[in-house]
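Report on the structure given below.
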Amino acid sequence: MNLLSIGGSDPSSGAGIQSDIKTFDLLNAHGLTVITAITGQNTSSFGMIEPVSQKILKNQLDSVMTDFKIDGIKIGMVYNSEIIKTIYRELKNKKIIIVLDPIIKSTTGGLLIEKTAISDFKKFLIPLATVITPNKFEAEFLSKIKIDSKKSLQNAAQKIQSMGTKNIVITGLEIKNDQISDFILEGKNQYTLSSKKIPKINHGSGCNYSSSLLFSLANGNSLKKAVKFSKQFTYNSIKNAKRVGYGLDITQIKGKDLIHTELTHAINKFIEIKNIYKKIPECQTNFVFSKKIQSQLKIF
Ligand code: PXL
């Protein structure tokens, strides 16, 4: 499977395209990247941003589009209007799953999109998205609605939907004690998925969420299943977050947690099969994870 991340470079490798390559790699997908801007930042502070030229942006896009069958695209940091329009022109006629992660601010405070580009972001990129994944702050920013009640949450999601995309996932809501909830508006259906909150400020979890969501959707899973998968994936990445620099912890992705994620996913799928409990004997049942064989021994 080939997955493409279009976004900014983060030299700390906590977020942006560096983080996405790590996620794709761990999930056994080949990660392609198109860089929109180079940021200077670390775990303590944000430096500067230099967007790439239209020429090299288009050349990067053409290079990957003409040589690979791409199974899904994540769009992260886009920074300015020219970048937004170039991406739009390149993708508007393609039938590919697109996860749009609206990147407005970095955890360390840098503004990652020009104010003058917001209207083009809404006009050109939101209609391309299969699903958009704002956190609470980004949903408020895009919808211009303060989220402080169930009703305002629904209104904000519907307002973003009216900009031209069917599926909205508003992440990181603190509705219940010790839980982190995502509100999903999928066409006309709406539901909330919650999991245990890890109270840890980190760098990277937003990118881990949207890139693992893309992976699951590109594998043909429903949005609900994909959200469950990325919630588990992101939970693990925050749980393992490490202080590698002098500032914020950077999320970490570990192979053994992936096994746990996949097993949990398999069990969830299994228990959804109608009347499956009738097939389970009194002595219960086991789920076994089997690793893919990476290489075959050659016998001479
Ligand atoms: O986490 C969002 C994000 C995405 N992309 C880049 C970033 C950040 C946050 O800092 O720097 C390039």
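Is it the case that some residue within segment 37-58 is at pLDDT 95 or above, more than 19 Å from the chain's Cα centre (by Cα), of a type in the set (Asp, Glu) and within 16 Å of the ligand (Cβ to nearest atom)?
Among the residues of segment 37-58, at least one is at pLDDT 95 or above, more than 19 Å from the chain's Cα centre (by Cα), of a type in the set (Asp, Glu) and within 16 Å of the ligand (Cβ to nearest atom), which makes the answer yes.
With the condition kept exactly as written, say whether any residue in segment 159-172 is open to solvent by 60 Å² or more (accessible area, probe 1.4 Å) and assigned to a helix (DSSP H, G or I).
Yes, the conditions are met somewhere in segment 159-172.
Quick check on my filter: what residues within segment 190-217 are closer than 15 Å to residue 101 by Cβ and either assigned to a loop (DSSP other than H, G, I, E, B) or out of contact with any helix residue (DSSP H, G or I) (no Cβ under 6 Å at 6 or more places or on another chain) (or both)?
Listed by number, the residues that qualify are 203, 204, 206, 210, 214, 215.
Does segment 66-73 contain any residue that is within 20 Å of residue 216 (Cα to Cα) and within 16 Å of the ligand (Cβ to nearest atom)?
Yes, segment 66-73 has at least one match.
Pull out all pairs, ordered by first then second residue, where Cβ-Cβ is under 7 Å, the residues are six or more apart or on different chains, the first lies in segment 1-12 and is free of Cβ contacts under 8 Å to residues at least 40 places away in the same chain and farther than 11 Å from residue 30 by Cβ, and the second is assigned to a strand (DSSP E or B) and more than 8 Å from the ligand (Cβ to nearest atom).
Close Cβ pairs satisfying both conditions: 9/35; 9/38; 11/40.
Can you name the residue in segment 2-23 that is in a loop (DSSP other than H, G, I, E, B), surrounded by 22 or more Cβ atoms within 10 Å (Cβ to Cβ) and not aliphatic (A, V, I, L, M) and is also nearest to the ligand (Cβ to nearest atom) among such residues?
Ranking the qualifying residues of segment 2-23, first place goes to 10.
Going through segment 199-220 one residue at a time, which ones are at pLDDT 90 or above and open to solvent by 40 Å² or more (accessible area, probe 1.4 Å)?
Selection gives 206, 219, 220.
Tally the residues that are at pLDDT 95 or above, of a type outside the set (A, V, I, L, M, F, W, C) and either within 16 Å of the ligand (Cβ to nearest atom) or in contact with a Lys or Arg (Cβ under 6 Å, 6 or more places away or on another chain) (or both), restricting the search to segment 85-134.
Number of matching residues: 6.
The values are calculated or read from the model by the stated rules, or taken from the named source; none is laboratory data. For clarity, every value in this text was computed on a predicted model and none was experimentally measured. Please note: Cβ atoms are built from the backbone with ideal geometry, for glycine as well, and neighbour counts cover all protein chains shown. Just the protein is used for accessible areas: all its heavy atoms, side chains included, with ligands, DNA and RNA removed. Shrake-Rupley method; radii C 1.70, N 1.55, O 1.52, S 1.80 Å.
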